[in-house]
Amino acid sequence: MSKIDDLDEGLSGEGGDNNGIIGSNSGGEAHASGSQLKLIVQTFLENKLAIVGIALVIIAVLFCFVGPLFYHTNQVTTSYNITQAPGHGHPLGTDQNGYDVLGRLMVGGQSSLEIGFSVAIIATIIGVLYGAIAGFIGGVVDTIMMRVVDTLLSIPTLLLLIFLAAVFRPTLTLLIIVISAVSWLSPARLVRGEALTLRVRDYVKAVRVMGGGSRRIILRHIVPNAIGTIVVNATFQIADAILVMATLSYLGLGLPPPAANWGSMLSDGVNYVYDGYWWLIYPAGIAIILTVVAFNLIGDAIRDSLEVRLQKR
Amino acid sequence: MIAFLVKRVGQSVIVLIGVSIIAFILEHLLPGGPAKAILGGRASPFQIAAFNHANGLDKPIWEQYFVYTGNLLHGNLGRSYKLNQTVNSVLATDLPKSIILVGSALILSLIIAIPVGIFQAVRRNGIYDYAATSVSFLLYSMPSFWLGIILILAFAVNLHIFPSEAPQGQTIGAIITNPRAMFLPVITLTLVSYASFTRYMRSSAIEALAQDWIRTAKAKGLSQRVILFKHMLRNALIPIATLVGLSLPSLITAGVVTESVFNFPGTGFRFINAANTEDYPLLLGIIIVIGVMTVVGNLLADITYAVLDPRVRYR
């Protein structure tokens, strides 16, 4: 993360002017000068892999949410038409319950994407506020708050999730809450690091002198200046949440049927691995990989374009 | 060094206390409390009250916590009522097998990832660098269970080279005397950890190559080989200690998933089974032991780092 730390160094060097990377334009506080934002967007769009990533995400969203409007399938009641090979009205065949695999991919993707986006948003908000407060106050409060994070990080996330999924009957909302509850730790750590360096900056002192409160400093100055780190991390969080959800479902601790999910489709498909029913193994797996690759590509590209902007200055 | 050790060990002790508090909270998070978890869902209020009284669960909460940690400090992790065994004895048979699986995958992935990462750094932005980066990127984005399934499909179902199931047996001997059956689980786990190690190794080597002493060595006219192996390698390898420590939780996670894919008779497989049979004492016992192992592993990694790189001690 050292490169992103440098970024803030560069920003505040400009005559004490506070340039956030993405502007809020409120009260002339953290605002991006137009050329900077333009440069970031430009470098981002020049990155071919970023375009691939964005295209894949758009395709995935259209496939999962618009696809079912055009491709009608019955995903609720089972039929005797089971494990049929692709063809004859079922482009990707049917599964062990007689559900159309293509249609199920669409429906299953909805919950994956919903969980990915919701977890990234919730975990980022909690993590950013926690980290900013810890780093801003510093001292004993910071030490205590960070030991809490260390403690939670020392228990592997998946084990906690499996425990919670075993105790509570999973619903979509509950899974989002539970996965968010273990995902805010990495943004908290990152933002706390940023806040530690930002709080001693001249412009923060200036706000103090002018009578600005802690809340104003955290929300209007520290968070906007750390936004690059935050956005990059949030993108990776979407990818991670989708993977975690798939793994939980694979282990049989995800949403109960008839709810569909890419992970649970694979967990059912594995039973037929010796029968050569490839359409129960590859489509769902490839769907997960493409979606996760897409978000990882976007995250890498945003990080690169933030770094390139520094080099061009 | 002493000051560093005292500070670092102190931090770990605090985190360990934190782990015990989390386990305690998780136990009390159970619907109906610990009594219901042990007696079952149909226990009557009288039975629960009797059980609570007999086990000190009617005392104040802080007193319960001290009894709980007292038990933990005596190495008593409780009892699995589903298996009718102590958690300690379950772990004693399972944990060594998991350590062999995760340990061999860890060593194997380092053996592959270190040279590949250095090669990528030296020839960066070349065709081999892009190819290797794409492979690790793909592996990194792949669910580990799917990788396991694909390997089973290729090597067990289609080619019949390796069995699809890990070696079955209670003893460690049964595990290590069957390398053929160990192959697929170890390779799955190796590929998963290779993906993150090689990315890290590449950037660590690039950073080391940009240092002044490398430029000095070049200016002195030293050969490429001497620069790489005498000057760059030693510096690029130091962060590996921290990396191994930091990646322990994700290694363990991948281990749990891999064990479940291959029916490997280890702690991870036991954990998933315990979740499906609602065997809460066993779940909590495994969480505590793995938490402690992670904390101790991180501590050892940091101390190794400080021994190898004296600059860290004075920060």
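Take B:I111 and tell me if it is touching a helix residue (DSSP H, G or I) at 6+ places or on another chain (Cβ under 6 Å), more than 12 Å from chain A (Cβ to nearest Cβ) and open to solvent by 40 Å² or more (accessible area, probe 1.4 Å).
When the stated conditions are applied, B:I111 does not pass them.
From B:F119, B:F197, grab the single residue that is more than 14 Å from chain A (Cβ to nearest Cβ) and over 24 Å from A:G299 (Cβ atoms).
When all the criteria are applied, what remains is B:F119.
Take segment A:192-214 and flag every residue that is part of a loop (DSSP other than H, G, I, E, B) and open to solvent by less than 50 Å² (accessible area, probe 1.4 Å).
A:R201, A:G212, A:G213
Does segment A:218-238 contain at least one residue that is aliphatic (A, V, I, L, M) and over 30 Å from A:E46 (Cα atoms)?
Checked segment A:218-238: at least one residue is aliphatic (A, V, I, L, M) and over 30 Å from A:E46 (Cα atoms).
Please give the number of the condition A:I242 fails out of (1) modelled with pLDDT of 85 or more; (2) closer than 17 Å to A:P170 by Cβ; (3) surrounded by fewer than 21 Cβ atoms within 10 Å (Cβ to Cβ).
Failed condition: (3).
Determine if segment A:221-232 includes at least one residue that is within 20 Å of the chain's Cα centre (by Cα) and within 14 Å of chain B (Cβ to nearest Cβ).
Scanning segment A:221-232, I find no residue that is within 20 Å of the chain's Cα centre (by Cα) and within 14 Å of chain B (Cβ to nearest Cβ), so the answer is no.
Regarding A:L253, is this residue outside any helix (DSSP H, G or I) and modelled with pLDDT of 80 or more?
For A:L253, the condition - outside any helix (DSSP H, G or I) and modelled with pLDDT of 80 or more - is met.
Which one is nearest to the chain's Cα centre (by Cα), of the residues in segment B:128-143 that are closer than 17 Å to A:L158 by Cα and open to solvent by less than 20 Å² (accessible area, probe 1.4 Å)?
Among them, the one singled out is B:P143.
Run down A:I217, A:I288 and say which single residue is more than 9 Å from chain B (Cβ to nearest Cβ) and surrounded by 19 or more Cβ atoms within 10 Å (Cβ to Cβ).
After applying the criteria, what remains is A:I217.
Could you check, for segment B:89-98, whether at least one of its residues is more than 14 Å from every other protein chain (Cβ to nearest Cβ) and touching a strand residue (DSSP E or B) at 6+ places or on another chain (Cβ under 7 Å)?
yes
Does A:I242 satisfy the condition of being within 11 Å of chain B (Cβ to nearest Cβ), part of a helix (DSSP H, G or I) and under 21 Å from the mean Cα position of the chain (by Cα)?
Considered against the rule, which asks whether it is within 11 Å of chain B (Cβ to nearest Cβ), part of a helix (DSSP H, G or I) and under 21 Å from the mean Cα position of the chain (by Cα), A:I242 comes out as yes.
Is it true that some residue in segment A:61-73 is at pLDDT below 70 and open to solvent by 60 Å² or more (accessible area, probe 1.4 Å)?
no
Go through segment B:214-236 residue by residue and tally those that are touching a residue at least 24 places away in the same chain (Cβ under 8 Å) and either surrounded by 17 or more Cβ atoms within 10 Å (Cβ to Cβ) or aromatic (F, W, Y) (or both).
Total meeting the criteria: 4.
Scan segment B:270-306 for residues that are in contact (Cβ under 8 Å) with a residue 12 or more places away in the chain and open to solvent by 50 Å² or more (accessible area, probe 1.4 Å) and report the count.
9
So which residues in segment B:37-55 are at pLDDT below 75, open to solvent by 70 Å² or more (accessible area, probe 1.4 Å) and farther than 15 Å from B:L282 by Cα, if there are any at all?
Across segment B:37-55, the qualifying residues are B:R42, B:N55.
Taking the criterion of being modelled with pLDDT of 80 or more and aromatic (F, W, Y), would at least one residue in segment B:22-31 satisfy it?
Yes, segment B:22-31 contains a residue that is modelled with pLDDT of 80 or more and aromatic (F, W, Y).
Hey, does segment A:253-267 have a residue that's among the small types (G, A, S), under 17 Å from the mean Cα position of the chain (by Cα) and away from every other protein chain (no Cβ under 14 Å)?
no
State yes or no: is B:T253 under 24 Å from B:L110 (Cβ atoms), within 10 Å of chain A (Cβ to nearest Cβ) and surrounded by fewer than 24 Cβ atoms within 10 Å (Cβ to Cβ)?
yes
In the list A:G87, A:G53, which residue meets the criterion of being at pLDDT 70 or above and crowded, with 17+ Cβ neighbours inside 10 Å?
A:G53
Can you name the condition, by its number, that A:K205 falls short on among (1) free of Cβ contacts under 8 Å to residues at least 60 places away in the same chain; (2) within 13 Å of another protein chain (Cβ to nearest Cβ)?
Just one mismatch for A:K205, condition (2).
Scan A:Y277, A:Y250 and give me the residue that is of a type in the set (F, W, Y), touching a Ser or Thr at 6+ places or on another chain (Cβ under 7 Å) and free of Cβ contacts under 8 Å to residues at least 24 places away in the same chain.
Checking each option against the conditions leaves just A:Y250.
Collect the residues in segment A:168-190 that are buried (at least 17 other Cβ atoms within 10 Å of the Cβ) and touching a Phe, Trp or Tyr at 6+ places or on another chain (Cβ under 8 Å), keeping them in residue-number order.
Hits for segment A:168-190 are A:V178, A:W184, A:A188.
Regarding segment A:146-153, can at least one residue be identified that is touching a Pro at 6+ places or on another chain (Cβ under 9 Å), within 29 Å of A:L219 (Cα to Cα) and open to solvent by 30 Å² or more (accessible area, probe 1.4 Å)?
Among the residues of segment A:146-153, at least one is touching a Pro at 6+ places or on another chain (Cβ under 9 Å), within 29 Å of A:L219 (Cα to Cα) and open to solvent by 30 Å² or more (accessible area, probe 1.4 Å), which makes the answer yes.
Within segment A:139-154, which residues are among the β-branched types (V, I, T) and within 21 Å of the chain's Cα centre (by Cα)?
Correct list: A:V149 only.
Could you list, in sequence order, all residues of segment B:145-186 that are touching a residue at least 40 places away in the same chain (Cβ under 8 Å), away from chain A (no Cβ under 14 Å), open to solvent by less than 40 Å² (accessible area, probe 1.4 Å) and aliphatic (A, V, I, L, M)?
Those that are touching a residue at least 40 places away in the same chain (Cβ under 8 Å), away from chain A (no Cβ under 14 Å), open to solvent by less than 40 Å² (accessible area, probe 1.4 Å) and aliphatic (A, V, I, L, M): B:A166, B:I175, B:M182, B:V186.
Could you tell me which residue of segment A:268-281 is surrounded by the most Cβ atoms within 10 Å (Cβ to Cβ), considering only residues that are among the hydroxyl-bearing types (S, T, Y) and more than 8 Å from every other protein chain (Cβ to nearest Cβ)?
Residue satisfying both the conditions and the ranking: A:Y277.
On the given criteria, is A:L266 in contact with a Phe, Trp or Tyr (Cβ under 8 Å, 6 or more places away or on another chain), of a type in the set (A, V, I, L, M, F, W, C) and outside any loop (DSSP other than H, G, I, E, B)?
So A:L266 passes the test.
When you go through A:L129, A:L158, A:L164 one by one, which is the residue that is within 20 Å of the chain's Cα centre (by Cα) and within 12 Å of another protein chain (Cβ to nearest Cβ)?
The unique qualifying residue is A:L158.
The values are calculated or read from the model by the stated rules, or taken from the named source; none is laboratory data. As the structure is a prediction and not an experimental result, all values here were calculated from the model. Cβ: placed from backbone, ideal geometry, glycine included. Neighbour counts: every protein chain shown. For the accessible areas, the whole protein counts, side chains as well, though only heavy atoms, and no ligand, DNA or RNA atoms are used. Shrake-Rupley method; radii C 1.70, N 1.55, O 1.52, S 1.80 Å.
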